[in-house]
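Chemist: Can you keep this structure in mind? I'll have questions shortly.
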Amino acid sequence: STCQQPTPQTLYQTIDSILQALLNREGGAGLEQTLHNSIVKASCDLLSSLQVVLQQNTVPGRYHYCFNVTTIVNIAKGIQRTSDSMRNSPTMMQLLWLHEAERVVSDAICRPDDTQAFDEVAG
């Protein structure tokens, strides 16, 4: 049996909660709400795109692909320990999120065609 995919609203709420929990740990300042919302949306869009473009299948090199909420958690962990001053810079936080997304996803990709597909998704 397969798991049912969450609705877009459920996925958004889940990722929103994860980011709030991770970014507010250890007394760290949370993100400004507009920035937080844009990172949540970007995370949802990235995950949805990865699940379509880089589906797990029997193509050699793709059988291990499994992009899910854990992918987003690993991205969030990469931005978790940023300083309060960096959190106050939307540009720096967006660039750091993109860097972490590239790092986390690229670590799982092993085919050049898939790397190119990811680059197109990440834009």
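The values are calculated or read from the model by the stated rules, or taken from the named source; none is laboratory data. Since we're looking at a predicted model, the values are computed, not measured. Here the Cβ positions follow ideal geometry from the backbone for every residue, glycine too, while neighbour counts run over all protein chains shown. What goes into the accessible areas is simple: the full protein's heavy atoms, side chains included, and nothing from ligands, DNA or RNA. Shrake-Rupley method; radii C 1.70, N 1.55, O 1.52, S 1.80 Å.
Chemist: Tell me the residue from Leu35, Leu47, Leu19 that is under 18 Å from Gly123 (Cα atoms), modelled with pLDDT of 90 or more and of a type outside the set (Gly, Ala, Ser), please.
Modeler: Exactly one residue qualifies, and that residue is Leu47.
Chemist: Shifting gears a bit: Of the conditions (1) farther than 18 Å from Leu19 by Cα; (2) under 10 Å from the mean Cα position of the chain (by Cα); (3) not β-branched (Val, Ile, Thr), Glu120 fails just one. Which one is it?
Modeler: For Glu120, the failing item is (2).
Chemist: Here is a further query. For region 85-108, which residues satisfy the criterion of being out of contact with any helix residue (DSSP H, G or I) (no Cβ under 8 Å at 6 or more places or on another chain), open to solvent by 80 Å² or more (accessible area, probe 1.4 Å) and farther than 29 Å from His64 by Cβ?
Modeler: Across region 85-108, the qualifying residues are Ser85, Asn88, Thr91.
Chemist: Looking only at region 24-64, count every residue that is buried (at least 17 other Cβ atoms within 10 Å of the Cβ) and touching a residue at least 60 places away in the same chain (Cβ under 8 Å) and tell me the total.
Modeler: Within region 24-64, residues that are buried (at least 17 other Cβ atoms within 10 Å of the Cβ) and touching a residue at least 60 places away in the same chain (Cβ under 8 Å) number 5.
Chemist: Which condition from (1) within 22 Å of Thr14 (Cβ to Cβ); (2) touching a residue at least 12 places away in the same chain (Cβ under 8 Å) is the one that Pro90 breaks?
Modeler: Answer for Pro90: the failing condition is (1).
Chemist: Would you check which residues across region 13-71 are within 12 Å of the chain's Cα centre (by Cα) and among the hydrophobic types (A, V, I, L, M, F, W, C) and list them?
Modeler: Within region 13-71, Ile15, Ile18, Leu19, Ile39, Val40, Ala42, Cys44, Leu46, Leu47, Leu50, Phe67, Val69 meet the criteria.
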